1. Take the Cβ-Cβ distance between Asp98 and Leu69 as r, set R0 to 30 Å, and report the resulting FRET efficiency rounded to the nearest 0.05.
2. Multiply the residue separation of Thr89 and Arg113 by 0.36 nm, subtract the distance between their alpha-carbon atoms, and state the gained length in nm to one decimal.
3. List every residue whose amide H lies under 5 Å from the amide H of Gly131, counting only residues 5 or more places away in sequence or on a different chain, with H placed 1.01 Å from N in the peptide plane.
Amino acid sequence: MPKPLALFLSVILLALTPHVYATTEAAEAAALAWLEAVDNGEYEQAWEKSSPLLKTPLSPSMLQRVVSLARGDVGSVASRRRIRMSQYTSMPGAPRNDYKEFAFQTRFSDNQRVVEVVTPHLEEGIWRVSGYYVQ
C-alpha cells in the first residue's frame, strides 16, 4: 500500500474512533439505565425507556413477569460488570438498524451469578432497549 494512502486511512480511522467510543458509551448508558429501573422494580419506567420492538408485545406488567421468570428469586443486584459488547446492523425479526449487544456478569445478593444480555438499538438518535435475556 502506498504511504500516502496508508496515512490517509490511518487518519480516517483515528478520527472515527472517538465517535465509535461515544456511541458505545451512550448505548451502554441506556442499557444500564434500563437495568437499573428493572433492578429497582420500576417496570413502568423500564418499559417507557424501551424500544417499540420490546413495548409492542409486552405491557409493563408482562415485562415484570418476563424479567422475574428470567432472573428467578435471586435477591437484589450486588454487582454488575460488562464482559462483552457486540455490534450488529440487523437482528432476527427486527428492522436493519444500529444494534449493540452488551453482556453483563451480574452477581445478586444470594451470591448467584448470571449473565444478562441487553440489546439497545439506535432509534431516531436515541438508544432504546429492544431485547433482554439471562443466560
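1. 0.55
2. 5.7 nm
3. For Gly131, whose amide H was placed from the backbone, the distant partners under 5 Å are Thr119.
Values in this text are rule-based calculations from the coordinates and carry no lab data. Treat the numbers as computed from the prediction; the structure is a model and nothing was measured. Positions of Cβ are generated from backbone atoms using ideal geometry, with glycine treated the same way; all protein chains shown enter the neighbour counts.
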